[in-house]
Amino acid sequence: MTSIKTFIDTNRDSILEELFELIRIPSISAKPENKPDMIKAAEFLRDSLKKAGADRADVFPTAGNPVVYAEKIISKKLPTVLVYGHYDVQPAEPFDLWNSPPFEPEVRDGRIWARGADDDKGQLFMHVKAFEFMTTTGTLPCNVKFMIEGEEEIGSVSLEKFCRDNKKMLEANVILISDTTMIAPDIPSITTGLRGLSYVQVELSGPGHDLHSGIYGGAVLNPCNVLCDMIASLRDKNGRIVIPGFYDDVLTVGRKERDAMALRPFDRDKYMKSIGVDDLGGEKGYTDLERTGIRPTLDINGIWGGFTGEGTKTIIPSKAGAKISMRLVPNQKAEKIAGLFRDHFLSIAPSGVKVKVEYLHGGEAYVSPPDTPEYQAAALAMEESFGKTPIPVRSGGSIPIVSTFEKVLGIKSILMGFGLESDAIHSPNENFPLFNFFKGIETIPLFYSHYTKLKS
Ligand code: BES
Ligand code: MN
Ligand code: MN
């Protein structure tokens, strides 16, 4: 019988070529002009899943981008694993920082370089190929369903309704997701927590048009200055967010779990070097890992106003604005936090400027505890393929739809990701090491067999 290693060795080139075809479709969900590419990518995955051995594979239209659904049911008595992934990607700008074009994947230094190479085309494609291996070798031990969306990077706007409308079709014992990272190629880990997100946009308007900053400067409130003051005042000198009620619902993590977290290997110098900074900073009283793992944050993602072209222009701008995201931890509610933000932000606005606050999207944090059959199965699978017991890790990133899956479908998710922090997802020169990609394909069938054993 063909082993997974033989399957990978014999099909290596065709597996990569098929993934590259998917990557070449610029399915950027944030851009309306890429709408046709969203449909192309969905149809491509439908065809791949069909070819891989699915009994059915369909593209479901939604109010936004289509969802790909596929399944192979071998017995009602066996457990069902629902694989989730996303075929949409982030915009690739700034293009000039890429060493090779973002949608022309190539292999250099043992890595695939392209937008989506890791997040999430590369990672979801490991599942397609692992599934193909199991169907063609007759080793699929349980039922499998696939749900692949095209709006993850813009807040999964249509997927909640899709889940509500198709509850029966989506029935499963567990949701399996590869859209997170592991510590290092030789240090496997499993993500046991994701942060939530509350994303807002603020806009300040002052004078009806830009003013001469000499004639008016000093007497008229400058929206850019006011915006800076207002945003700066949202945090105190210890890095704590001062929005009233912001921390009220935060589940504090006990000393025991914090001590366990501290055992995770973390090289601070290497970390700083990898991102090009000479120091780190954050909320007082917490370690670097705690700051991303168990504490909420408030970050400006973009800020604008006034003149930013070359040279100088002496004005008091008429408008200023910012996009602000707050990462949330378990128990905080995205909409409630957006409301607290709005109330506070409006309350600190001086007269002389008009302030608008808009809630863009959000989702709750997620915890996936280690004492579950799905965690055990993932741990056994990784132990077998990496030769090391994986470490549980609370990630700072967000996949907001995961908490919705629990709420709407009543199904827990297991986050068995194979990316690395150095994969530069969302950045220029996104990449995915071939080692991780093929290790993923190798590990996934092991998850299925361990999970099926543990559940029967
Ligand atoms: N795959 C990432 C999330 C991720 C990456 C989690 C690495 C943990 C480790 C996902 O595609 C993503 O980018 N999520 C967004 C949220 C979304 C609503 C825009 C995020 O975390 O910013
Ligand atoms: Mn992703
Ligand atoms: Mn992403």
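Nothing in this text is a laboratory measurement; each read-out follows from the coordinates by a stated rule. Because the structure is a prediction, the values reported are computed rather than measured. Because the Cβ atoms are built from the backbone with ideal geometry, glycine has one as well, and the counts that use them run over all protein chains shown.
With r as the distance between the Cβ atoms of Asp299 and Lys5 and R0 = 51 Å, compute the FRET efficiency 1/(1 + (r/R0)^6) and round to 0.05. List each step's numbers first, then the result.
Working: r = 43 Å, r/R0 = 0.84.
After rounding, the FRET efficiency stands at 0.75.
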*Among Asp119, Asp9, Asp179, what is the fewest-to-most ranking by other Cβ atoms within 10 Å?*
Asp9, Asp179, Asp119
_Given points 7 Å out from each Cα along the Cα-Cβ axis, report the Phe95 to Arg12 separation in nanometres with one decimal._
3.4
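Using 0.36 nm times the number of residues separating Arg264 and Arg24, minus their current alpha carbon distance, what extension gain do you get?
On the way: separation 240, 0.36 × 240 = 86.40 nm, distance 3.68 nm.
That works out to 82.7 nm of additional length.
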*Using a simple spin-label model with points 7 Å from Cα along the Cα→Cβ vector, what separation in nm is obtained for Leu346 and Lys50?*
5.2
*So which DSSP H runs in the chain come out at 27 Å plus along the axis (Cα) with average Kyte-Doolittle of at least 0.0?*
434-455
_Per-residue HN-Hα couplings for segment 204-209 [Karplus 6.51, -1.76, 1.60; θ = phi - 60°; Hz; x = Gly/Pro]_ = 10, 10, x, x, x, 8
*Taking N as the number of residues in the chain, what is its alpha-carbon radius of gyration divided by 2.2 N^0.38 Å?*
1.04
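Ignoring everything except DSSP H segments at least 4 long, calculate the 222 nm mean residue ellipticity for the chain; use -39,500 (n - 2.57) per segment, divide by total residues, nearest 500. Please report the intermediate quantities before stating the final value.
Working: 12 runs with 147 residues, N = 456.
One gets -10000 deg cm²/dmol as the mean residue ellipticity at 222 nm.
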*Footprinting exposure proxy for Val144, Val202 (fewest neighbouring C-beta atoms within 10 Å first)*: Val202, Val144
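Using the beta-carbon distance between Lys453 and Ser422 and R0 = 35 Å, what value does 1/(1 + (r/R0)^6) give for FRET efficiency, to the nearest 0.05? The partial results should precede the final answer.
Details: r = 34 Å, r/R0 = 0.98.
Given R0 = 35 Å and the Cβ-Cβ separation, E is 0.55.
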*So what is the relative contact order of the chain, in percent, for Cα pairs below 8 Å that sit 6 or more residues apart?*
25
_Residue order, fewest to most surrounding Cβ atoms within 10 angstrom, among Thr10, Thr136_ = Thr10, Thr136
*At a Cα cut-off below 12 Å, give the aspartates and glutamates reachable from Lys354, other chains included and same-chain residues fewer than 8 away excluded.*
Glu203
_Distance between modelled label sites at Lys407 and Cys228, nm, 7 Å Cα→Cβ extension_ = 3.8
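Would you mind calculating the gained length between Arg164 and Arg108 on full extension (0.36 nm times residue separation, minus the Cα-Cα distance), in nm to one decimal? All intermediate terms of the calculation are to be shown ahead of the outcome.
Numbers: separation 56, 0.36 × 56 = 20.16 nm, distance 4.31 nm.
Stretched fully, the Arg164-Arg108 segment lengthens by 15.8 nm.
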*Considering only Leu140, Val67, Ile25, whose Cα is most displaced toward the positive end of the charge dipole of segment 1-150, charges sitting on Cβ of Lys, Arg (+1) and Asp, Glu (-1)?*
Leu140
*Please work out the C-alpha center-to-center distance from segment 75-144 to segment 379-456 and express it in whole Å.*
12
*Taking the mean number of other Cβ atoms within 10 Å as a proxy for protection, how do you rank 90-102, 292-304, 65-77 from highest to lowest?*
65-77, 292-304, 90-102
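Restricting to the chain, what percent of DSSP beta bridges are antiparallel, rounded to 5? It would help to have the intermediate numbers written out before the result.
Details: 50 of 71 bridges.
So the antiparallel bridges amount to about 70 percent of the total.
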*Kindly write out, for segment 311-326 in residue order, the coupling ³J(HN,Hα) from the Karplus curve 6.51 cos²θ - 1.76 cosθ + 1.60 (θ = phi - 60°), rounded to whole Hz, with x marking Gly and Pro.*
x, 10, 8, 9, 9, 9, x, 7, 9, 8, x, 7, 9, 10, 10, 10
*Paramagnetic reach from Lys237 in segment 263-305 [backbone N under 19 Å; point 7 Å along Cα→Cβ]*: 281-286
*Please work out how much length the chain gains when fully extended from Glu283 to Glu383, using 0.36 nm per residue of separation minus the C-alpha to C-alpha distance, in nm with one decimal.*
32.5 nm
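Sort 217-224, 242-249 for me by packing, meaning the mean count of neighbouring Cβ atoms within 10 Å per residue, highest on top.
Numbers: 217-224: 16.4, 242-249: 14.9.
Highest mean packing first, the order is 217-224, 242-249.
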*Using modelled amide H (1.01 Å from N, peptide plane; none on Pro or chain starts), what sits under 5 Å from the amide H of Ile112, excluding residues fewer than 5 places away?*
Phe432, Leu434
*Using θ = phi - 60° and the Karplus curve 6.51 cos²θ - 1.76 cosθ + 1.60, what whole-Hz ³J(HN,Hα) does each residue of segment 182-199 get, with Gly and Pro shown as x?*
10, 5, 7, x, 9, 10, x, 8, 10, 7, 9, x, 10, 7, x, 8, 9, 10
*Computed FRET efficiency, Cβ-Cβ of Ser274 and Tyr216, R0 35 Å: what is it to the nearest 0.05?*
0.15
